[in-house]
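Asks: Please see the structure below; I have some questions.
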Amino acid sequence: MQKYFLFFLLFLSVLFESSITTIPIVLDLLIIFYILDRKSSSFVIAFIAGIFLDIFAVRNIGQSSIFLIVFLFILSLYERKFEVTTNYFILVASFIGSLLYLLVSFQTIVIWQAIVSSLFTLITYFLLKKFFWNESNT
Amino acid sequence: MRKKETFFLSFIILFLFSVVLFKTSFFSGIQIFFEKTTSPILLVSKNLFNLPLNVFHNNELAKLKEENLNLQNKLLGYENIKKENNALRDQFNSSYPLKNTLLPARIIGSPVFIPGVSQPEFFVLDQGAKNGVKTGQAVVYKDNLVGKVQKVSSVLSVVQLVTNKESSFTARSVKTDALGVVNGQGEGEIILDNVLLSDNLEISDFVKTKGDLESDQEGILADLIVGKIVSIDKKSSSLFQVAKIKSLLNFSKLTTVFIVTGYQK
């Protein structure tokens, strides 16, 4: 049930990011999803989300998928060295991810958007973990 | 170990598939289908989100602004006719106004940093290559330049607004005929740069496009309104003077624009 709720949130975030806001909320939710779930299915979800994002935002198909998949893979590599479920890791990972994503998508570095994005990730992670996510799902 | 292998395998397969999609048009048929079916959803989600913001929208003020825009357009039209009459009378210059072929397009997406606060820098429209839209075509609203088509797919297109940081084109002031380059600064700001110090600029003067039509009829037609000069920065120590321009349009409130798909003499 929690997973379906996350899928629904992800779908909404794809719509929002392509029509309303430039904050990379799809990336933020994928980071949260990976940290909560930690399965290879995260790559499949990132791939599909990236495809839809590119279609709605009229970008080259595959551009967002490549970035999201590679970023999640890098996160999975850090999982062995750092504790990824800490607030600091989530803040730093989403900040760096947002900066790079904005650079790739809009060819501009926007520090404020990356800061807001990382705060959004942290708050959403906290809320989802506290109220919606059951540890038995992992 | 098995989990690591699954991870790495999933990553490699999906990464390679993404690269194949990026490099080829393998997905184009399905892309068209999704664009057609989801553009109404995008429009609905945009309108739904803007609904609470529009509650505070003053209708009376909006009507007055619209009327003001129409009157300013008419005023500039009369200025143009006056100039053309003088030119024809003096036999120095004559211009044949080109009739535009306009394609109406709804704005289904205008992503910004903070919705309702930040100003958009590009629009996603519900018209694409199938309707004759090409990159480089101008987008207008009531003789005001909105921007230029930057990317096109079969059913959708992306317009780079005049306020976008990458937007740049030549323009001239109406009263003093000073020539300059209009550069977008982001966050709804535009400047008229590279104006010679010897040229005069006046506050409240209008700025119009100079025109950069190419042989294939793409580009920006001349005499489209860019905005009004609100401040001038002129220093004798600088090479050029710069003016800040305010567009007559409120880009965040636009719902429909027109793509100039061709010109007829």
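Asks: Volume per residue, Å³, of the convex hull around the alpha-carbon atoms of chain A?
Replies: 97 Å³
Asks: What FRET efficiency would be calculated for the residue pair B:LYS165, B:LYS65, taking the C-beta separation as r and a Förster radius of 22 Å, to the nearest 0.05?
Replies: 0.25
Asks: Let me ask another. Which one of B:LEU69, B:VAL155, A:SER41 is farthest out on the positive end of the charge dipole of the protein assembly as shown, using unit charges on Cβ (Lys, Arg +1; Asp, Glu -1) and the Cα centre as origin?
Replies: A:SER41
Asks: Please compute, over every Cα-Cα pair in the protein assembly as shown, the percentage with a separation greater than 41 angstrom.
Replies: 25 percent
Asks: Sticking with this structure for a sec: Taking the Cβ of each residue in A:ILE45, B:ILE232 as the centre, tally the other Cβ atoms inside 10 Å and list the residues starting with the fewest.
Replies: Listed from fewest to most nearby Cβ atoms, that is B:ILE232, A:ILE45.
Asks: While we're here: Please report, in whole Å³, the volume per residue of the convex hull around the C-alpha atoms of region B:155-222.
Replies: Measuring per residue, one finds 112 Å³ for the Cα hull of region B:155-222.
Asks: Say the cut-off is 24 Å between C-alpha atoms; which of B:LYS134/B:LYS210; B:LYS63/B:LYS228; B:LYS36/B:LYS208 go over it?
Replies: B:LYS36/B:LYS208
Asks: Report the full-extension gain for the segment B:VAL230 to B:LEU75: residue separation times 0.36 nm, less the Cα-Cα distance, to one decimal in nm.
Replies: Numbers: separation 155, 0.36 × 155 = 55.80 nm, distance 1.81 nm.
Taking 0.36 nm per residue and subtracting the Cα distance, the gain is 54.0 nm.
Asks: Per residue of B:123-130, what is the mean number of Cβ atoms on other protein chains within 10 angstrom of that residue's Cβ?
Replies: Mean partner shielding for this stretch: 1.
Asks: With charges set only on the Cβ (+1 for Lys and Arg, -1 for Asp and Glu), what does the dipole of the protein assembly as shown come to about its Cα centre, in debye to the nearest 20? All intermediate terms of the calculation are to be shown ahead of the outcome.
Replies: Details: 39 positive and 32 negative charges, 126 e Å.
It comes to approximately 600 debye.
Asks: For A:LYS129 and B:GLU202, what does the FRET efficiency come to when R0 = 45 Å and r is the distance between their Cβ atoms, rounded to the nearest 0.05?
Replies: Once the sixth-power term is evaluated, E becomes 0.15.
Asks: Lys and Arg at +1, Asp and Glu at -1: add these up for the other residues within a Cβ distance under 12 Å of B:THR170 and post the number.
Replies: Counting the neighbours of B:THR170, the net charge comes to +1.
Asks: May I ask you to list the trypsin sites (Lys or Arg not before Pro) in region A:60-132 that are in a DSSP loop and have at most 12 other Cβ atoms within 10 Å of their Cβ?
Replies: Qualifying residues, ordered by number: A:ARG80, A:LYS81.
Asks: Then there is this: If R₀ is 35 angstrom, what is the calculated FRET efficiency for the pair B:LEU9 and A:PHE106, using the beta carbon separation as r and rounding to 0.05?
Replies: 0.60
Asks: All other residues with a Cβ under 13 Å from the Cβ of B:SER252 taken together, and with Lys, Arg as +1 and Asp, Glu as -1, what is their net charge?
Replies: +1
Rule-based calculations on the coordinates, nothing more; no lab input. Not measured: the values here are computed from a predicted model. Neighbour counts are summed over all protein chains in view; Cβ atoms, including those assigned to glycine, are modelled from backbone coordinates with ideal geometry.
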